[in-house]
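Peer 1: I have a structure here, written as structure tokens, and I will follow up with some questions on it.
The values are calculated or read from the model by the stated rules, or taken from the named source; none is laboratory data. Remember, predicted model here, so these are calculated numbers, not experimental data. Here the Cβ positions follow ideal geometry from the backbone for every residue, glycine too, while neighbour counts run over all protein chains shown.
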Amino acid sequence: MKAVPVREALKRLTAEGLLINERNKGVVVAPLSIDDFVEITDLRLMLEPYLIRCSAPNLTDADLDVAEQMLALSEPEDSPASHAKEHWEFHRMLYSRAQRPRAQAQIDILYVSINRYLLPAWTSVGLSTHWDDSHLQITKALRKGNVDLAAQLISEQIKETADRVMTFLERSAH
């Protein structure tokens, strides 16, 4: 393997905040940080409602059927990593018709970044008890053409998840 691709990968992971370059130590995994988590959450709160508003007019019933099928495949006993993957695939499907490649690329980066917070929190405190139902509410709102409600539900989910993860991070800090 050439050193150049590895160096480029390390630069990219550093730029995404997943690694840090420490003097006399080299590149190390960035520690979990409340400030980092808050920033990721704030960016998601800006971008995800925007993406659903852009995507909603172009979503078909078939798209919403696929999104709902993704939820149906989710099992309570699935691992947190599986839930994270299923969760992202659901949202990615909903945003797929936004025709906003830059915003979607940023969300892709944010999902990679936030999983390092979600996975340990979900392992420790579990998923929200109404995870599947709250996501079905989004598709129901979209089927009725209520884009404002869908955007609101997405924002509420992000905030609820943030509260659960913050509780985990604050407990972990002590």
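Peer 1: Quick one: N21 ticks every box in (1) farther than 28 Å from A173 by Cβ; (2) of a type outside the set (A, V, I, L, M, F, W, C); (3) assigned to a strand (DSSP E or B) except a single one, so which number is it?
Peer 2: (1)
Peer 1: Cβ-Cβ below 8 Å, separation at least six or inter-chain, first residue in the stretch 6-25 and at pLDDT 75 or above, second surrounded by 12 or more Cβ atoms within 10 Å (Cβ to Cβ) and not basic (K, R): which pairs?
Peer 2: Qualifying pairs under 8 Å: I20/T14; I20/V27; I20/A30; N21/T14; N21/V27.
Peer 1: State which residue is surrounded by the fewest Cβ atoms within 10 Å (Cβ to Cβ) when the search covers only the stretch 26-47 and only residues that are modelled with pLDDT of 80 or more and not hydrophobic (A, V, I, L, M, F, W, C).
Peer 2: Taking the candidates together, the pick is D35.
Peer 1: Please report, ordered by residue number, the helices (runs of 4 or more DSSP H) entirely within the stretch 84-174 with at least 3 residues that are in contact with a Cys (Cβ under 8 Å, 6 or more places away or on another chain), touching a residue at least 60 places away in the same chain (Cβ under 8 Å) and among the hydrophobic types (A, V, I, L, M, F, W, C).
Peer 2: In the stretch 84-174, there are no helices (runs of 4 or more DSSP H) which contain 3 or more residues that are in contact with a Cys (Cβ under 8 Å, 6 or more places away or on another chain), touching a residue at least 60 places away in the same chain (Cβ under 8 Å) and among the hydrophobic types (A, V, I, L, M, F, W, C).
Peer 1: While we're looking at this one, here's another question. Can you tell me which residues in the stretch 75-106 are under 16 Å from H135 (Cα atoms), charged (D, E, K, R) and at pLDDT 95 or above?
Peer 2: Result: R92, single match.
Peer 1: If you don't mind, another one. Which one of these is in a helix (DSSP H, G or I), surrounded by fewer than 16 Cβ atoms within 10 Å (Cβ to Cβ) and small (G, A, S): A56, A62?
Peer 2: After ruling out the rest, the residue left standing is A62.
Peer 1: Which of the residues belonging to the stretch 65-83 are charged (D, E, K, R) and not in a loop (DSSP other than H, G, I, E, B)?
Peer 2: Result: D65, E68.
Peer 1: So which of T60, T139, T123 is more than 21 Å from L153 (Cα to Cα) and among the hydroxyl-bearing types (S, T, Y)?
Peer 2: So the residue among T60, T139, T123 that is more than 21 Å from L153 (Cα to Cα) and among the hydroxyl-bearing types (S, T, Y) is T123.
Peer 1: Does L18 count as surrounded by 12 or more Cβ atoms within 10 Å (Cβ to Cβ), touching a strand residue (DSSP E or B) at 6+ places or on another chain (Cβ under 9 Å) and at negative phi?
Peer 2: Answer is yes for this residue.
Peer 1: Have a look at D65, D42 and point out the one that is more than 22 Å from D163 (Cβ to Cβ), without any contact (Cβ under 8 Å) to a residue 12 or more places away in the chain and of a type in the set (D, E).
Peer 2: D65
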